[in-house]
Amino acid sequence: MNAQIKPTQVPVLTEVVEWTPRPSESVQANSRKPSLQLTPLAEPDVPVEAWLAVAETQITQQVLSDVQRQVDRMFEFRLKESLGPAMSRLADQFVEEMRGELAATLRDIVRRAVAQELARLRNR
C-alpha cells in the first residue's frame, strides 16, 4: 500500500486495495486512476459471469485481508493507548496500598520491639 493510514482513521477502499496500472494506462494522462488487476482466467472461453464470480471472490478476499490488517493495527494502537493510563492508575493504587501495609507492619514491629524492651527492663 502506498498511503500510510493513521490508526485513528478508517481506510477507504482505494487505500486498502493495491492498484496496478495496466500497460496501456501507464502512458495515459495522470488524471485517471489505474484499475484493479485481477488474475486472468486460464481458459479464454470462460463465460463472463464465471469470471465475474472469480473476480468478486478475489476482490472480497483482498479487501477482507487488508481491512483485517487495518483493524488489527487499530485495535493494537487503541489497546496500548488505553492500557497505558489504566496500568499507571493501577500501579499508583498498588503503591498506595503497599505504603499503608508497610506503615502498619512497621508500627506493629516497633510496638512489639518497645514492648519486649520494656518487659526486659522490668525483669531486671
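The values are calculated or read from the model by the stated rules, or taken from the named source; none is laboratory data. Worth saying up front: this structure is predicted, and the values here are computed from it rather than measured. So basically every Cβ, Gly included, is an ideal-geometry build from the backbone, and we count neighbours across all protein chains shown.
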Point to revise | Condition met for residue 66 (more than 11 Å from the chain's Cα centre (by Cα) and either in contact (Cβ under 8 Å) with a residue 24 or more places away in the chain or surrounded by 11 or more Cβ atoms within 10 Å (Cβ to Cβ) (or both)) | key: yes
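Residues checked against (1) modelled with pLDDT under 90; (2) surrounded by 10 or more Cβ atoms within 10 Å (Cβ to Cβ); (3) out of contact with any Phe, Trp or Tyr (no Cβ under 9 Å at 6 or more places or on another chain); (4) not aromatic (Phe, Trp, Tyr):
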| site | (1), (2), (3), (4) |
| --- | --- |
| 9 | yes, yes, yes, yes |
| 24 | yes, no, yes, yes |
| 37 | yes, yes, no, yes |
| 73 | no, yes, yes, yes |
When residue 124 is run through (1) assigned to a helix (DSSP H, G or I); (2) without any contact (Cβ under 8 Å) to a residue 40 or more places away in the chain; (3) over 16 Å from the mean Cα position of the chain (by Cα), the failure sits at (1)
With criteria (1) surrounded by 10 or more Cβ atoms within 10 Å (Cβ to Cβ); (2) modelled with pLDDT of 90 or more, residue 53 comes up short on (2)
Requested in this report: Test residue 103 against the criterion of being assigned to a helix (DSSP H, G or I) and surrounded by fewer than 10 Cβ atoms within 10 Å (Cβ to Cβ), and give yes or no.
Outcome: no
